[in-house]
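Read the structure below first, then the notes.
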């Protein structure tokens, strides 16, 4: 089969502006809970897109770890994504739940969360993941996997003799949204798209977009 012949007809659900909440966070929670119930694979996986240092868009899959007044994820601040965020703290998040034929896009500004919040999440992780945050010089070129294995073993020995702390170069970000888009697949590519935009007054404007 040719790639250009691959097609899927979306028929599961519909989305009307009269059906959605006035609050996009509440609407996201409804859809996220339904994605959990559908047993979607890696339900909290999202594509984080930033602007690369070379001016090209840069995207990668990261995991959503919390929702409050924004969307929280964790990473190495010295990684490529960390450097890109430091240069331009704006990004988009994209969720795709194939089981429900749904997509959510969120655009906003990024900020580091507090050190206490990062500490709290860091120490909730398995010990192997905690040491892994120390082990990997994320995004840097390395000679082989053996380099990581040797460093990981050395760190396991080190932290068996001294308290394990959170690496200063590792922590969380919060994306504070300015725009949301909820996409529901429909037949004949006439998909439903409902957008939200944050007004200067701090309220959300809701509108329908052409597919």
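The values are calculated or read from the model by the stated rules, or taken from the named source; none is laboratory data. Only a predicted model underlies this, so the values are computations on that prediction, with no experimental measurement involved. No Cβ is skipped: glycine too gets one built from the backbone with ideal geometry, and neighbour counts run over all protein chains shown.
Hey, any hits in the range 18-35 for a residue that's part of a loop (DSSP other than H, G, I, E, B), free of Cβ contacts under 8 Å to residues at least 60 places away in the same chain, touching a helix residue (DSSP H, G or I) at 6+ places or on another chain (Cβ under 6 Å) and in the same structural domain as residue 104 (by TED's automatic domain parsing)? The answer is yes; a qualifying residue exists. The residues of the range 154-197 that are surrounded by fewer than 17 Cβ atoms within 10 Å (Cβ to Cβ) and more than 30 Å from residue 137 (Cα to Cα), listed by number, are 178, 179, 187, 188, 189, 190, 197.
Would you say residue 60 is in a strand (DSSP E or B), at pLDDT 95 or above and surrounded by fewer than 19 Cβ atoms within 10 Å (Cβ to Cβ)?
Details: in a strand (DSSP E or B): yes; at pLDDT 95 or above: yes; surrounded by fewer than 19 Cβ atoms within 10 Å (Cβ to Cβ): yes.
So residue 60 fits the description; yes.
Listed residues 101, 117, 69; which is in contact with a strand residue (DSSP E or B) (Cβ under 7 Å, 6 or more places away or on another chain), under 30 Å from residue 38 (Cβ atoms) and loosely packed, with under 14 Cβ neighbours inside 10 Å? Even if it seems obvious, please write down each step before you answer.
Details: 101 fails: loosely packed, with under 14 Cβ neighbours inside 10 Å; 117 fails: loosely packed, with under 14 Cβ neighbours inside 10 Å.
Among 101, 117, 69, only 69 is in contact with a strand residue (DSSP E or B) (Cβ under 7 Å, 6 or more places away or on another chain), under 30 Å from residue 38 (Cβ atoms) and loosely packed, with under 14 Cβ neighbours inside 10 Å.
Would you confirm, using the coordinates I've provided, whether residue 41 is farther than 16 Å from residue 85 by Cα and surrounded by fewer than 13 Cβ atoms within 10 Å (Cβ to Cβ)?
Values: farther than 16 Å from residue 85 by Cα: yes; surrounded by fewer than 13 Cβ atoms within 10 Å (Cβ to Cβ): yes.
Against the criterion (farther than 16 Å from residue 85 by Cα and surrounded by fewer than 13 Cβ atoms within 10 Å (Cβ to Cβ)), residue 41 qualifies.
Any residue in the range 90-98 that is under 23 Å from residue 28 (Cα atoms), touching a helix residue (DSSP H, G or I) at 6+ places or on another chain (Cβ under 8 Å) and surrounded by fewer than 18 Cβ atoms within 10 Å (Cβ to Cβ)? Looking through the range 90-98, none of the residues is under 23 Å from residue 28 (Cα atoms), touching a helix residue (DSSP H, G or I) at 6+ places or on another chain (Cβ under 8 Å) and surrounded by fewer than 18 Cβ atoms within 10 Å (Cβ to Cβ).
The rows are residues; the columns are (1) within 30 Å of residue 26 (Cβ to Cβ); (2) surrounded by fewer than 16 Cβ atoms within 10 Å (Cβ to Cβ).
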| residue | (1), (2) |
| --- | --- |
| 53 | no, yes |
| 75 | yes, no |
| 88 | yes, yes |
| 127 | no, yes |
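Given the residues 208, 158, 193, which is the only one that is in a helix (DSSP H, G or I) and either outside the structural domain of residue 21 (by TED's automatic domain parsing) or under 25 Å from residue 31 (Cα atoms) (or both)?
On the way: 208 fails: in a helix (DSSP H, G or I); 193 fails: in a helix (DSSP H, G or I).
158 is the lone residue from the list that is in a helix (DSSP H, G or I) and either outside the structural domain of residue 21 (by TED's automatic domain parsing) or under 25 Å from residue 31 (Cα atoms) (or both).
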